[in-house]
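Q: Pasting a structure here, questions to come.
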Amino acid sequence: PGDIAQCYADPSKAEKELGWKASRSLEKMCQDSWNWQRENPDGYGEE
């Protein structure tokens, strides 16, 4: 139970069938996610 051990993704099918292509690298997405988490340790908060 819990989180999956590994996860793989290949966006080539989305590009082929939908014409969609990622505009950021995985490294950049992880960096942005970490920066947001550091700047917002309590998440979105309650509004």
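We did not get these values from a lab; they are worked out from the coordinates using the rules stated. Because the structure is a prediction, the values reported are computed rather than measured. Reconstructed Cβ throughout: ideal geometry from the backbone, glycine too, with neighbour counts over all protein chains shown.
Q: Out of everything in segment 1-24 that is outside any helix (DSSP H, G or I) and among the hydroxyl-bearing types (Ser, Thr, Tyr), what residue ends up being surrounded by the fewest Cβ atoms within 10 Å (Cβ to Cβ)?
A: Among residues in segment 1-24 that are outside any helix (DSSP H, G or I) and among the hydroxyl-bearing types (Ser, Thr, Tyr), the one surrounded by the fewest Cβ atoms within 10 Å (Cβ to Cβ) is 8.
Q: Residue by residue through the chain, note down the ones that are in contact with a helix residue (DSSP H, G or I) (Cβ under 9 Å, 6 or more places away or on another chain) and among the charged types (D, E, K, R).
A: 21, 24
Q: Does any residue of segment 25-32 turn out to be over 17 Å from the mean Cα position of the chain (by Cα) and either free of Cβ contacts under 8 Å to residues at least 12 places away in the same chain or loosely packed, with under 10 Cβ neighbours inside 10 Å (or both)?
A: no
Q: Can you tell me which residues in segment 24-37 are closer than 17 Å to residue 10 by Cβ and not charged (D, E, K, R)?
A: 25, 26, 29 - these are the residues of segment 24-37 that are closer than 17 Å to residue 10 by Cβ and not charged (D, E, K, R).
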